[in-house]
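The values are calculated or read from the model by the stated rules, or taken from the named source; none is laboratory data. Everything numeric in this text was worked out from a predicted model, so none of it was measured. Ideal geometry is used to build each Cβ from the backbone, glycine not excepted, and the neighbour counts take in all protein chains shown. Just the protein is used for accessible areas: all its heavy atoms, side chains included, with ligands, DNA and RNA removed. Shrake-Rupley method; radii C 1.70, N 1.55, O 1.52, S 1.80 Å.
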Amino acid sequence: MSQQKTKMTEFTQLQELDPASTAQEAAPAILGLEIGPRLQRASQVSEAIDPTHTLPSVEIVNDPSTRVGRGSLVPRPSLIIYNGETIGRCTVVSDNMARARWFNGIEVNEKGKGFGTAAYKTVIEQAMRDGYDFQTHEWSQTEGAKKVWERLAQAGVARVEDEFTPDGNGKFNGRYVVDAVK
């Protein structure tokens, strides 16, 4: 009987722990395990891109109608999803040797609602978590892409290697890079 009483007392003592203080004590330990330099960089970039937290939350998912290749240079056709609906398409290219990513085309159905910038934010965050730089495509940029990159540079997220210049065909050449922690 005393053995049962001891067990009940131990159980009761566990129940009497203050959940708030337990969580407060555990939080620093958990954060220390979860927040590495890559995650910190992703968070820093996210905050710089959307400091007011007003961009729509989009997901970038592999397009199920296409196959993703393998190798050192991998284009990944993807869908841009908002509230469960496809609102655009993009191709994210990963250069696994150089540890760099970029868009090889991005198109959203509704312009001016922040979906394009939100897609950039989502892909850049993932690149930072994976330890990949995110950069402009090596060829020309559209006017819309140029504007996004200029906002990223103005927010201190992107480093400008070469300013944008018109290519004579309505697009722009230049090189901007969001550096990852490696």
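Output yes when any residue across the stretch 72-91 is in a strand (DSSP E or B) and touching a Cys at 6+ places or on another chain (Cβ under 7 Å), and no when none is.
Yes, the stretch 72-91 has at least one match.
Among the residues of the stretch 143-182, those identified as part of a helix (DSSP H, G or I) and basic (Lys, Arg) are Lys146, Lys147, Arg151.
Does the stretch 41-60 hold any residues that are more than 14 Å from Ala158 (Cα to Cα), among the hydroxyl-bearing types (Ser, Thr, Tyr) and open to solvent by less than 80 Å² (accessible area, probe 1.4 Å), and which are they? The one that is more than 14 Å from Ala158 (Cα to Cα), among the hydroxyl-bearing types (Ser, Thr, Tyr) and open to solvent by less than 80 Å² (accessible area, probe 1.4 Å): Ser43. Can you tell me which residue within the stretch 76-87, out of those that are within 17 Å of the chain's Cα centre (by Cα) and in contact (Cβ under 8 Å) with a residue 24 or more places away in the chain, is least open to solvent (accessible area, probe 1.4 Å)? By that ranking, first place goes to Ile80. For Ile124, the conditions (1) within 17 Å of the chain's Cα centre (by Cα); (2) under 12 Å from Val58 (Cβ atoms) are fulfilled apart from (2).
Filtered by the rule that a residue be open to solvent by 60 Å² or more (accessible area, probe 1.4 Å) and not in a strand (DSSP E or B), the stretch 99-123 gives Arg99, Asn109, Glu110, Lys111, Gly112, Lys113. The set of residues in the stretch 124-142 being assigned to a loop (DSSP other than H, G, I, E, B) and surrounded by fewer than 22 Cβ atoms within 10 Å (Cβ to Cβ) consists of Gly131, His137, Glu138, Trp139, Ser140, Thr142.
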